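Report on the structure given below.
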Amino acid sequence: MDLFEHQARELFEEHGILVPQAEVADTAKEARAGAERLGGRVVVKAQVKTGGRGKAGGVKVAADPAAAEITARQILGMDIKGHTVRKVMVAQPVEIESEFYVSYVLDRAAGRFLAIASAEGGMDIEEVAASRPEAVARVEIDPAAGVSEAKAAEIAAAASLPGEAAGVLVKLWQVLIREDALLVEVNPLVRTDRGEILALDGKVT
Ligand SMILES: Nc1ncnc2c1ncn2[C@@H]1O[C@H](COP(=O)(O)OP(=O)(O)OP(=O)(O)O)[C@@H](O)[C@H]1O
Ligand SMILES: [Mg+2]
């Protein structure tokens, strides 16, 4: 079962990973009220169980609650790769310094998990993997040992992520194990202008 982004966000928060403040809405009016509570300016995000929302016009910044209502009205009901948008998430905008990609995926053939990470995160990791495979690090994980602080530092170094990202890699592994997940992906994991590491998007299977 795939989770919606807002559900993944909640799991991340429960496990101590920093995420933007956010609310879920199924009407444009609710999105407006959410934006009011979140301070006005928000990112309105389609909640669909498929990738490529941004490119499809399903992720938009709204400058104030009135704009959030208009934007939510545009996004609700939109079709994204055969998925109708029934809910949006309104999230506090984060000042992004840099965007990374991190995931843990089950490598079925090898029967183990693989950490995949890149300092070139954002919307198009598949493109990065295809055109510049050297920019995407793949690190095998011994299932008995899991991801310790040392292992997380190894993954961060292999992908040229900042050292502060290692703590998040440990917590993400705990999400995977405690929730019995097959996939945990964060794209983008970001570093803010204040040096904090936040998960701005999440996919959990
Ligand atoms: N809370 C936020 N604050 C600032 N920027 C954001 C926020 N959420 C998303 N963004 C920006 O929008 C981009 C796309 O967002 P996101 O990763 O959630 O959607 P997506 O990648 O298009 O969707 P998917 O992962 O389903 O393909 C991010 O890379 C980031 O630059
Ligand atoms: Mg994304």
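FYI, it's all coordinate maths here, none of it is from the lab. Computed from a predicted structure; not experimentally measured. In this analysis, Cβ positions are derived from the backbone assuming ideal geometry, glycine residues included, and neighbour counts consider all displayed protein chains.
Students often get this wrong: which residues of the stretch 48-78 have the backbone nitrogen under 19 Å from the point 7 angstrom along Cα-to-C-beta of D193?
61-64
Take every Cα pair under 8 Å in the chain that's 6+ residues apart, average their separations, divide by the length, and report that relative contact order as a whole percent. Let's see the in-between values first.
Numbers: 446 pairs, mean separation 48.2, N = 205.
After rounding, I find 24 percent.
Taking the Cα centre of the stretch 82-205 as origin, sum charge times position over the Cβ atoms of Lys and Arg (+1) and Asp and Glu (-1), and report the length of that vector in debye to the nearest 20. Could the numbers behind the result be given before it?
On the way: 12 positive and 20 negative charges, 91 e Å.
The calculated dipole for the stretch 82-205 is roughly 440 debye.
Within 10 Å, count the other beta carbons around each residue, average over each peptide in 139-151, 23-35, and list them highest first. All intermediate terms of the calculation are to be shown ahead of the outcome.
Numbers: 139-151: 13.5, 23-35: 19.9.
Going from most to least packed, we get 23-35, 139-151.
Report, to the nearest 10°, how far helix 5-14 tilts away from the longest principal axis of the Cα atoms in the chain, using its own Cα long axis and a range of 0 to 90°.
60
Going highest first, how would you order 108-114, 89-95 by mean Cβ packing within 10 Å?
Values: 108-114: 11.4, 89-95: 19.6.
Highest mean packing first, the order is 89-95, 108-114.
Which value, in Å to one decimal place, does the Kirkwood hydrodynamic radius take for the stretch 21-91 when every pair of different Cα atoms is included? Don't skip to the answer; put the middle values down first.
On the way: mean 1/r = 0.0882 Å⁻¹.
Over the stretch 21-91, the inverse of the mean reciprocal pair distance is 11.3 Å.
Can you run phi through the Karplus equation (6.51, -1.76, 1.60; θ = phi - 60°) for the stretch 87-92 and list ³J(HN,Hα) in whole Hz, with x for Gly and Pro?
Ordered by residue, 3J(HN,Hα) equals 9, 10, 10, 9, 10, 5 Hz.
Rounded to a whole number of µm²/s, how large is the Stokes-Einstein D of the chain at 20 °C and 1.002 mPa s, given Rh as the Kirkwood radius over C-alpha pairs? Could you put the intermediate results ahead of the total?
Details: Rh = 17.3 Å.
Approximately 124 µm²/s, per Stokes-Einstein.
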